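Novice: The structure's right below; bear with me while I get my questions together.
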Amino acid sequence: MAGVGRRVRETLPLLPFFTVVLIFLIVPTVTVIVSSVYADGVFSLDRIAALFTGTALTALANSVLLSGATAVLGALLGAVMAWLIVSSPPASMVRRAVLSLCSVLAQFGGVALAFAFLATVGLNGVLTLWVQQAFGWNIAGSGWLYSLSGLILVYTYFQIPLMVIVFIPALEGLRDQWREAAVSLGASTWAYWREVAIPLLTPAFLGSALLLFANAFAAYATAAALVSQGSPILPLLIRASLVSEVVLGQAGFAYALALEMIVVVAVVMLAYNLLVRRSARWLS
Amino acid sequence: MSRNASGVAVELSDLTRLYGSTKALDGLTLHIEPGELVALLGPSGCGKTTALRILAGLDEATSGTVSVGGVDVSGVPASKRDMGMVFQAYSLFPHLTVLDNVAFGLKMRGKAKQDRTSRAADMLDLVGLTAHTHKYASELSGGQQQRVALARALAIQPRVLLLDEPLSALDAKVRTQLRDEIRRVQLEVGTTTLFVTHDQEEALAVADRVGVMSQGRLEQLAAPAELYANPATPFVADFVGLNNKVPAQVSGGRAVLLGVSVPALAGSVSSGAGLAMVRPESVTLTADRAGTSSVSSASFLGAISRVTVAMPDGSLINAQMASSVARAFAPGDPVTVGIEPGGVLVVAT
Amino acid sequence: MRGAVRAGLWVMFGLFFLFPLYAMADFSTRNLIAGGRTGQAWSNLVTDDALYQSIVVSLLLAVFTVVAMLVLLVPTMIWVRLRAPWAKGLIEFLCLLPLTIPALVIVVGLRNVYLWVTYLLGESALTLTFVYVVVVLPFAYRAIDAALSSIDLQTLSEAARSLGAGWTTTIARVVVPNIWSGILSAAFISIAVVLGEYTIASLSGYETLQVQIVLIGKSDGPTSVAASLATLLFGFVLLLILSLVTRGQRSRRSRGIEPGVTP
């Protein structure tokens, strides 16, 4: 009995935290899951079924394409940039500034990035006008910035910095002793990379790429700021469903779409966690 | 000496290494006989690790040469020097099993899988870790990891074995066991070895010869017993073993202290007053009711005890003796202090 | 050779990342009618009423969120370490959960909850504080956890309490000063997150800075670009100051990612 009383006393101060998290995180999530199969109190799989029809399926495909492409681009280019940063002197001001910039662009930029590219390659963008004056080409003409290819470019702008932030700890975890041990045992630079560095970095690299995928898949602000009409990708389709009551013949379709999003992101993040755990065991 | 001397000779000639204006190494010259284990001993920053890394090819000397087996290897890259190296810690590849770690060097030399595996297994047997063949580094203790590192370094049959403070990261008890293990293996295989450490007990215990270094220079290179008994410079006398500093008068190659005259070692002050460096075990205590010194305190250290005595001039001197003998002395007892016959180094005050 | 490759790569990355920022500065100061430069767009940040209001709202929201987050999280984390270690895994899981649940999903499911909230607390955008606390949890948790790991919390608090301090005093006057860098880190990052948040605010119908920027963007390009650039610069300066202040305090344990405030 005393044990139970003690447990209760220990848990009491944690209640405010649990309450806030419950109301503002758990409840919305559960609402989404439940409401995607319960329409007006009636169990129905209609909403979920509608996920696999025309527009919704296209939006999903586009989202996957966008996320996959920017994840790959971001991972490769970001890894290179991360290596550049790691191999420069540690406490330098340049390094701090670069990492701060990466943080801002990767996580807090959303809307601002959309306007950054509008200002660069939009209809009246700085680069557009330069190129027009210099070569007579109109690079913004077709409005491609507001299409999938435009989104790929803009998304890369925050995917690369995110990769830098996520991958640098792995690069820094590569101990000098391993390279020196490999070299003293007769390994050439290429052999060291092939046999030691790349195998050690691969889980971290793949994990980071997965993180980039989830990040792009769930991203909303940038696309919403650039694309005001139409719903080429899943997040924008959710917007449409929230703004108008009935979309694709389904009321409350937003719930099903949101469920789809959680499922994809959760699966990807699960895989990411498994990879990161292995990497952390080796590289820290 | 009866050992399997199959190694090669190593010659470091006048090595200097500058970092900007700092001299990490200042004209180091060292000759290691085939099959010999030389320990480089000194405080951090004395240049011992720099010397080792230059020998390994991981660092470049500003001037001076390195010869192995009579051949100048100064321009040879580290990967081609055929040397086995054991680092202080964390050098095992975490993604490979113990067996693959040990076989790594053989893989780099293009040996067939069958040969690699059997040779690696032999090495693991040599260090007594056959039971752990398929484990990963994270599953092993610090001492076991270092034994694997040793097996890995020896698997390639290196001409020289280099150990960079291999025991510093380990617990005291493991350290003692492992250093004997390393010495046993080294004697069995007969590889010329350079062992770097800051722990003087370690150096004295494993080495054929010990080189004491300070500020990039070699202060003295001698067998452990010689180093201990006849230190060549004040630094060596101070660094190796414990010391009392007793006022002494030097003249004609002899030092007078504590009422006794003993030889003054080469390197002492040539004449006049100085401080003699006396080992605690060389200090003798005799209970004497008319004695001018008195026992200040006694510390029981197990097999031996240390008795601290206050001299007439107020200074303290430490005497070391078997605990059974030390039992006779209690704080406050009057004693007479003397020293064993034997040379002392007298340094300037 | 290696140096040339590195220099070349730095230049390429530099151009890719810095050019759009330059373009924003250029675009927002362009005088479209008379040519040359004008500061009109930038002065709109204070003169345009709606924009200025949204800036104030966002800044207030940031402050409220930081305060609420600290009040909620710091005592909870301290308590877990000292008295309820069994809850550590659960707390950590809950704090990192917002990384896996996109803001978009939260806002979809938030409708009903916010019906209650507006009923109880009114229509102000400041009610977003509660959701924002949840959104910043992953970042704040990591920063504070790293700081708490670097001190001997057990000994400090026992010493304080044995000298007669109550819990509030212990937390406020003994623990907090020692985890100051973690708190600062959590606060700065949370401010940046709140100022840049768009998803939840816009889909819930509140007019924060980012929402206003997008609204204005439809009719007044330069002003919204100016506001966007201001947001980026502010965030950059904030994080730069933070990295200078917490120099050398990087915990090797809480590595890896701070992703997920979906942009």
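The values are calculated or read from the model by the stated rules, or taken from the named source; none is laboratory data. Quick caveat: nothing in here was measured; it's all calculated off a predicted structure. A quick note on method: Cβ atoms are made from the backbone with ideal geometry, for glycine too, and the neighbour counts reach across all protein chains shown.
Novice: Could you go through the range A:120-129 and let me know if any residue there is touching a helix residue (DSSP H, G or I) at 6+ places or on another chain (Cβ under 9 Å), buried (at least 24 other Cβ atoms within 10 Å of the Cβ), more than 7 Å from chain C (Cβ to nearest Cβ) and at pLDDT below 90.
Specialist: Yes, there is a match, as at least one residue in the range A:120-129 is touching a helix residue (DSSP H, G or I) at 6+ places or on another chain (Cβ under 9 Å), buried (at least 24 other Cβ atoms within 10 Å of the Cβ), more than 7 Å from chain C (Cβ to nearest Cβ) and at pLDDT below 90.
Novice: Quick check: anything in the range C:102-115 out of contact with any His (no Cβ under 8 Å at 6 or more places or on another chain), facing chain A (nearest Cβ under 9 Å) and exposed (fewer than 15 other Cβ atoms within 10 Å of the Cβ)?
Specialist: yes
Novice: I need the full set of residues from the range A:127-176 which are in a helix (DSSP H, G or I), of a type in the set (S, T, N, Q) and under 21 Å from A:TYR220 (Cα atoms), in order please.
Specialist: Hits for the range A:127-176 are A:SER149, A:THR156, A:GLN159.
Results for (1) touching a strand residue (DSSP E or B) at 6+ places or on another chain (Cβ under 6 Å); (2) at pLDDT 90 or above, shown as yes or no for each residue.
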site: B:THR284; (1), (2): yes, no
site: B:THR292; (1), (2): no, no
site: B:VAL309; (1), (2): yes, yes
site: B:SER315; (1), (2): no, no
site: B:ALA319; (1), (2): yes, yes
site: B:GLY338; (1), (2): yes, no
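Novice: Checking A:GLN229 against (1) free of Cβ contacts under 8 Å to residues at least 24 places away in the same chain; (2) in a helix (DSSP H, G or I), only one condition comes out false. Which one?
Specialist: The failed condition is (2).
Novice: Can I ask one more? Would you pick out the residues in the range C:107-142 that are small (Gly, Ala, Ser) and either over 22 Å from C:LEU90 (Cβ atoms) or without any contact (Cβ under 8 Å) to a residue 60 or more places away in the chain (or both)?
Specialist: C:GLY109, C:GLY122, C:SER124, C:ALA125
Novice: Output the number of residues of the range A:174-202 satisfying the condition of being of a type outside the set (D, E, K, R) and more than 8 Å from every other protein chain (Cβ to nearest Cβ).
Specialist: Counting residues in the range A:174-202 that are of a type outside the set (D, E, K, R) and more than 8 Å from every other protein chain (Cβ to nearest Cβ) gives 9.
Novice: Same structure again: Residues of the range C:143-175 being touching a residue at least 24 places away in the same chain (Cβ under 8 Å) and buried (at least 18 other Cβ atoms within 10 Å of the Cβ), which ones?
Specialist: C:ALA143, C:ILE144, C:ASP145, C:ALA146, C:ALA147, C:LEU148, C:LEU153, C:SER157, C:VAL175, listed by residue number.
Novice: If only one of A:PHE217, A:PHE205 is under 21 Å from A:GLN107 (Cβ atoms) and away from chain C (no Cβ under 11 Å), which one is it?
Specialist: On the way: A:PHE217 fails: away from chain C (no Cβ under 11 Å).
Matching residue, one of A:PHE217, A:PHE205: A:PHE205.
Novice: Within the group B:VAL98, B:VAL76, which residue is closer than 16 Å to A:LEU185 by Cβ, more than 27 Å from the chain's Cα centre (by Cα), surrounded by 15 or more Cβ atoms within 10 Å (Cβ to Cβ) and not basic (Lys, Arg)?
Specialist: B:VAL98
Novice: Something else about it: What residue, of B:ASP125, B:ASP59, B:ASP115, B:ASP100, is within 14 Å of chain A (Cβ to nearest Cβ) and out of contact with any Phe, Trp or Tyr (no Cβ under 9 Å at 6 or more places or on another chain)?
Specialist: On the way: B:ASP125 fails: within 14 Å of chain A (Cβ to nearest Cβ); B:ASP115 fails: within 14 Å of chain A (Cβ to nearest Cβ); B:ASP100 fails: out of contact with any Phe, Trp or Tyr (no Cβ under 9 Å at 6 or more places or on another chain).
After ruling out the rest, the residue left standing is B:ASP59.
One line per residue, one yes/no per condition, for (1) surrounded by 24 or more Cβ atoms within 10 Å (Cβ to Cβ); (2) small (Gly, Ala, Ser); (3) assigned by TED's automatic domain parsing to the domain that holds B:PRO43:
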| site | (1), (2), (3) |
| --- | --- |
| B:ASP115 | no, no, yes |
| B:ALA120 | yes, yes, yes |
| B:VAL127 | no, no, yes |
| B:VAL148 | yes, no, yes |
| B:SER168 | no, yes, yes |
| B:THR193 | yes, no, yes |
| B:ALA203 | yes, yes, yes |
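Novice: Can you tell me which of (1) more than 7 Å from every other protein chain (Cβ to nearest Cβ); (2) hydrophobic (A, V, I, L, M, F, W, C); (3) under 27 Å from C:SER224 (Cβ atoms); (4) touching a Ser or Thr at 6+ places or on another chain (Cβ under 8 Å) is the one A:TRP137 doesn't meet?
Specialist: Here A:TRP137 clears every test but (4).
Novice: Can you tell me which residue in the range A:19-46 is surrounded by the fewest Cβ atoms within 10 Å (Cβ to Cβ), limited to those that are out of contact with any helix residue (DSSP H, G or I) (no Cβ under 8 Å at 6 or more places or on another chain) and under 18 Å from C:PRO138 (Cβ atoms)? Steps first, answer last, please.
Specialist: Of all residues in the range A:19-46, those out of contact with any helix residue (DSSP H, G or I) (no Cβ under 8 Å at 6 or more places or on another chain) come to A:19, A:22, A:26, A:34, A:38, A:40-46.
Now restrict to residues that are under 18 Å from C:PRO138 (Cβ atoms): A:22, A:26.
On the way: A:LEU22: 13, A:ILE26: 16.
Of everything passing the filter in the range A:19-46, A:LEU22 is surrounded by the fewest Cβ atoms within 10 Å (Cβ to Cβ).
Novice: Output the residue which, of all residues in the range A:91-104 that are more than 7 Å from every other protein chain (Cβ to nearest Cβ) and part of a helix (DSSP H, G or I), is nearest to the chain's Cα centre (by Cα).
Specialist: A:CYS102
So that you can scan it fast, the table gives a plain yes or no per residue for (1) among the aromatic types (Phe, Trp, Tyr); (2) closer than 30 Å to A:VAL8 by Cα; (3) modelled with pLDDT under 85:
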residue: C:SER54; (1), (2), (3): no, no, no
residue: C:THR76; (1), (2), (3): no, yes, no
residue: C:LEU82; (1), (2), (3): no, yes, no
residue: C:ALA87; (1), (2), (3): no, yes, no
residue: C:ILE101; (1), (2), (3): no, yes, no
residue: C:VAL107; (1), (2), (3): no, no, no
residue: C:LEU120; (1), (2), (3): no, yes, yes
residue: C:VAL136; (1), (2), (3): no, yes, no
residue: C:TYR141; (1), (2), (3): yes, yes, no
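Novice: Determine which member of the set B:SER118, B:SER74, B:SER138, B:SER79 is under 18 Å from B:ALA51 (Cα atoms), of a type in the set (S, T, N, Q) and not in a loop (DSSP other than H, G, I, E, B).
Specialist: Exactly one residue qualifies, and that residue is B:SER79.
Novice: Scan the range C:210-221 residue by residue and report those that are in a helix (DSSP H, G or I) and facing chain A (nearest Cβ under 9 Å). Please lay out each step first, then the result.
Specialist: The first filter runs over the range C:210-221 and keeps only residues in a helix (DSSP H, G or I), leaving C:210-217, C:221.
Matches in the range C:210-221: C:GLN210, C:VAL211, C:ILE213, C:VAL214, C:GLY217, C:GLY221.
Novice: Here's another thing I want to ask about it. Name the residue, out of C:GLU123, C:GLU158, that is away from every other protein chain (no Cβ under 14 Å) and under 29 Å from A:ALA258 (Cβ atoms).
Specialist: After ruling out the rest, the residue left standing is C:GLU123.
Novice: Now for a separate question. If you check every pair at least six apart or on different chains, which have Cβ atoms under 7 Å apart with a residue in the range A:18-38 that is more than 7 Å from chain C (Cβ to nearest Cβ) first and a residue that is modelled with pLDDT under 90 and not in a helix (DSSP H, G or I) second?
Specialist: A:SER35/A:GLY252; A:VAL37/A:PHE43; A:VAL37/A:SER44; A:VAL37/A:LEU45
Novice: Also, quick follow-up: Looking at the range B:239-254 only, could you name the residues that are in a strand (DSSP E or B) and among the β-branched types (Val, Ile, Thr)?
Specialist: Correct list: B:VAL246, B:VAL250.
Novice: Scan (1) part of a helix (DSSP H, G or I); (2) facing another protein chain (nearest Cβ under 10 Å) for the single condition B:GLN145 breaks and write down its number.
Specialist: Only one criterion is unmet by B:GLN145, namely (2).
Novice: Quick check on the range B:322-333. Is at least one of its residues touching an Asp or Glu at 6+ places or on another chain (Cβ under 9 Å), among the β-branched types (Val, Ile, Thr) and either crowded, with 16+ Cβ neighbours inside 10 Å or not assigned by TED's automatic domain parsing to the domain that holds B:GLU219 (or both)?
Specialist: Looking for residues that are touching an Asp or Glu at 6+ places or on another chain (Cβ under 9 Å), among the β-branched types (Val, Ile, Thr) and either crowded, with 16+ Cβ neighbours inside 10 Å or not assigned by TED's automatic domain parsing to the domain that holds B:GLU219 (or both), one finds none in the range B:322-333, hence no.
Novice: Go through the range C:184-216 and give me each residue that's surrounded by fewer than 21 Cβ atoms within 10 Å (Cβ to Cβ) and farther than 30 Å from C:GLU123 by Cα.
Specialist: C:LEU184 - this is the single residue of the range C:184-216 that is surrounded by fewer than 21 Cβ atoms within 10 Å (Cβ to Cβ) and farther than 30 Å from C:GLU123 by Cα.
Novice: Take the range B:276-319 and flag every residue that is touching a residue at least 60 places away in the same chain (Cβ under 8 Å) and in a strand (DSSP E or B).
Specialist: B:ALA276, B:MET277, B:VAL278, B:ILE317, B:ASN318
Novice: Would you confirm whether any residue within the range A:247-254 is at the interface with another protein chain (Cβ under 8 Å from one of its Cβ atoms) and surrounded by 24 or more Cβ atoms within 10 Å (Cβ to Cβ)?
Specialist: Looking through the range A:247-254, at least one residue is at the interface with another protein chain (Cβ under 8 Å from one of its Cβ atoms) and surrounded by 24 or more Cβ atoms within 10 Å (Cβ to Cβ).
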